[in-house]
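To start, the structure under review is shown below, and the notes come after it.
The values are calculated or read from the model by the stated rules, or taken from the named source; none is laboratory data. Being a predicted model, the structure only gives us computed values, none of them experimental. Using ideal geometry, Cβ is built from the backbone for each residue, glycine included, and neighbour counts are taken over all protein chains shown. These area figures cover heavy atoms from the full protein model, side chains too; ligands, DNA and RNA do not enter into them. Shrake-Rupley method; radii C 1.70, N 1.55, O 1.52, S 1.80 Å.
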Amino acid sequence: MSVKTETLELMCELIVDCPHSTPKWTDSGYVVTRNQNIKNGVLDLNSPSFTNEEGYNSRIKRAKPKAGDIIFTREAPMGEVCMIPKGLKCCLGQRQVLLRPKNTICGEYLFWALQSPFVQHQISWNEGTGSTVSNVRIPVLKALNIPRQDKEDYIAKVLSDLAEKIELNRQTNQTLEHIAQALFKCWFVDFEPTRAKIIAKEKGANSAIQELAAQAIICGAMTLEQLEAITQNLETTLQQAINEKLSQANQTPINTEQLKTTAALFPNTLVESELGEIPEGWEVSEVGDHMNVTKGRSYKSSELEHSNTALVTLKSFMRGGGYREDGLKAYSGTYKPEQVIMPGDLVMSLTDVTQAAEIIGKPAIVTKNDAFEILVASLDVAILRSKKPELKEYFYGLMSTYRFHRYAESFATGTTVLHLNHKGITSFEYPRPSIELSKIYSEIAKPMLAMHERNIHVSRSLAALRDALLPKLLSGELNVSSD
């Protein structure tokens, strides 16, 4: 089927190369888009880079990026694109080109067309030499043939709706992670329920009102600062705040029964320990006393063949932490049963080639993979299992804390590649709460993590659908209808 095309140059009013210089990096200021922030059509600014006003002004002399513009990466990686969203004031980093579609062109359609196999083949293949290329020169970029179709705005809407749902799932998962981590920090790092009881006790409150103070903190009805500021009618104010919070649908992950039980498990006194002040009755313990840590082993490259078994490798960890399935390697060799990773297991990278320790010391939860029946840990990966499986979510929360990550970092050594000694995991000391309190946290966190996993699987299916539709819609193989 022949495809009608038009060159990229004819579809854009601007095609502007970035300044060929390194931005002046600062801790805050104006966002600089970098190639590492752009992947699969998404601009991810969770770890943004900045420049100052002078640096920003020097980088927008050729063109000031605006919402709806497309950023194209010329190399490292080559051919990635993203659209600049509304409200973002930014400038281009290195090895990037700014594309501004003409007013007569649907910008979102062009954005999707640039990601199509039809265009990506042109990007990666030099027709003149018959070889692949490592970067895209501006003349080649301008000459790219873009497929044209009827109802391009509708084609763009179909693909963008799928992308929007995937992005919504990603944002939902970020929120779920934030809630679970904030709850863990409140209970087990800052000991806020205990501190709330202490504040109430210092105000002359009896044990019943102290319990209300802890409940108000646990359900998020009040902060410690707000509790400190109450000067009269303490019991009434606390009860009203709690009732109002619990009456708001989806505003707290804890129910009324759990709230009262949980508050009762926090003491009203802090005591000194080798870790500083901790709740009375809690013990200082080591992770190794309560978790089994199993290190993977090295496998021969000849064993990395197509099969229903795959290795979880260093590439299975996302930049900054987390688990990714596109880092799995098919494997057909032998392995030990203890090195098999089950869905829901915690894993941790023992190696980091970036020398930035972005992965080391951060836990990840392995999700079920439909492509492989068995997952096995490679040499760079450790499997972490709680000796009490019902506390898995609690230990995931513990190892997600900043304090644990920094501790593990201190055990990472190496001149070119960082390696984490397993003692950086097992010897970590923490104030251990009662099993009952740990179980309650796990019960609350478990459905959040389950929803997190469901969203991942839904997004994976939507991405597969989007990728299957993209070439068919742009080639005209699928007849487009607005019905």
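For Ser378, the residues 5 or more places off, or on other chains, whose built amide H falls under 5 Å of its own are Val312.
Viscosity 0.890 mPa s, temperature 25 °C: Stokes-Einstein D of segment 282-357 from its Kirkwood Cα radius, in µm² per second? The calculation lands on 170 µm²/s. Take the alpha carbon gyration tensor of segment 194-293, find the square roots of its eigenvalues, order them as a ≥ b ≥ c, and report rounded if a/c is under 1.5; if not, report prolate when a/b exceeds b/c, else oblate. Since a/c reaches 1.5 but b/c is at least a/b, the shape of segment 194-293 is classed as oblate. Using the Cβ-Cβ distance between Lys142 and His178 with R0 set to 41 Å, the FRET efficiency from 1/(1 + (r/R0)^6) comes to roughly 0.40. By the equivalent-ellipsoid construction on the alpha carbon gyration tensor, the chain comes out with semi-axes of 47, 29, 22 Å, ordered largest to smallest. The fraction of all Cα pairs in segment 30-79 landing in successive 5 Å bins from 0 to the largest distance is 5, 17, 25, 28, 21, 4, 0, given as whole percents. In order along segment 229-244, the Karplus-derived 3J(HN,Hα) couplings, from 6.51 cos²θ - 1.76 cosθ + 1.60 at θ = phi - 60°, round to 7, 6, 10, 8, 6, 4, 4, 5, 5, 5, 5, 5, 5, 5, 4, 5 Hz, and Gly and Pro are given as x.
Once you reduce segment 76-97 and segment 248-311 to the center of their Cα atoms, the two points are 38 Å from each other. Residues whose amide H lies under 5 Å from that of Arg432, counting only those 5 or more places away or on a different chain, are Glu283, Val284, Ser285; hydrogens are built 1.01 Å from N in the peptide plane.
Would you please classify the overall shape of segment 411-483 from the alpha carbon gyration tensor, given that a ≥ b ≥ c denote the square roots of the eigenvalues, rounded means a/c under 1.5, and beyond that prolate means a/b larger than b/c while oblate covers the rest? Cα axes put segment 411-483 in the oblate bin.
With a simple spin-label model that places each label point 7 Å from the Cα along the Cα-to-Cβ direction, the separation between Glu6 and Arg297 comes to 6.1 nm.
3J(HN,Hα) along segment 177-191, derived from phi through the Karplus expression 6.51 cos²θ - 1.76 cosθ + 1.60 where θ = phi - 60°, amounts to 4, 5, 4, 5, 5, 5, 5, 4, 4, 4, 7, 10, 10, 8, 6 Hz, with x in place of Gly and Pro. Given the pairs Lys151/Lys472; Lys300/Lys368; Lys295/Lys387; Lys185/Lys387, which are separated by over 18 angstrom at their Cα positions? Violating the 18 Å Cα-Cα cut-off are Lys300/Lys368; Lys185/Lys387. Translational diffusion of segment 1-138, estimated by Stokes-Einstein from the Kirkwood radius over alpha carbon pairs at 37 °C in a medium of 0.692 mPa s, is 210 µm² per second. In terms of the Cα gyration tensor, with a ≥ b ≥ c the square roots of its eigenvalues, is segment 191-241 rounded because a/c is under 1.5, prolate because a/b exceeds b/c, or oblate? It comes out rounded by the Cα gyration axes.
In this structure, the residue pairs whose Cα-Cα separation is over 20 Å, taken from Lys329/Lys388; Lys336/Lys392; Lys315/Lys362; Lys329/Lys423; Lys362/Lys392, are Lys329/Lys388; Lys336/Lys392; Lys329/Lys423. You can think of it this way: the chain between Glu280 and Thr223 has 18.4 nm of extra reach, that is 0.36 nm per residue less the Cα-Cα gap.
All other residues whose Cβ lies under 15 angstrom from that of Thr231 are scored, Lys and Arg at +1 and Asp and Glu at -1, for a net of -3. Compared with the alpha-carbon gap, the fully stretched path from Thr26 to Asn135 is longer by 36.4 nm at 0.36 nm per residue. Summarising the amide proton neighbourhood of Ile146: residues at separation of 5 or more, or on other chains, whose placed amide H is nearer than 5 Å comprise Glu6, Thr7, Leu8.
Evaluated at q = 0.26 Å⁻¹, a Debye calculation over the C-alpha positions of segment 379-454 (equal weights, vacuum) places log10 I(q)/I(0) at -1.27.
Working note: Karplus 6.51/-1.76/1.60 with θ = phi - 60° gives segment 202-207 the couplings 5, 8, x, 6, 7, 4 Hz, where Gly and Pro are set to x. Based on the convex hull around the alpha carbon atoms, segment 373-418 presents an average projected area of 4.9 nm².
Counting protein heavy atoms only, the chain has 50 percent of its accessible area on carbon and sulfur, 1.4 angstrom probe. Note on Asn52 and Leu304: their simple-model spin labels are 4.5 nm apart, each label 7 Å out from Cα toward Cβ.
Give me the aspartates and glutamates in straight-line cross-link reach of Lys142: C-alpha distance below 13 Å, same-chain residues under 8 apart excluded. Candidates past the 8-residue exclusion: Glu6, Glu9, Glu13, Asp17. Rolling a 1.4 angstrom probe over the protein heavy atoms with all chains in place gives the chain an accessible area of 50 Å² per residue.
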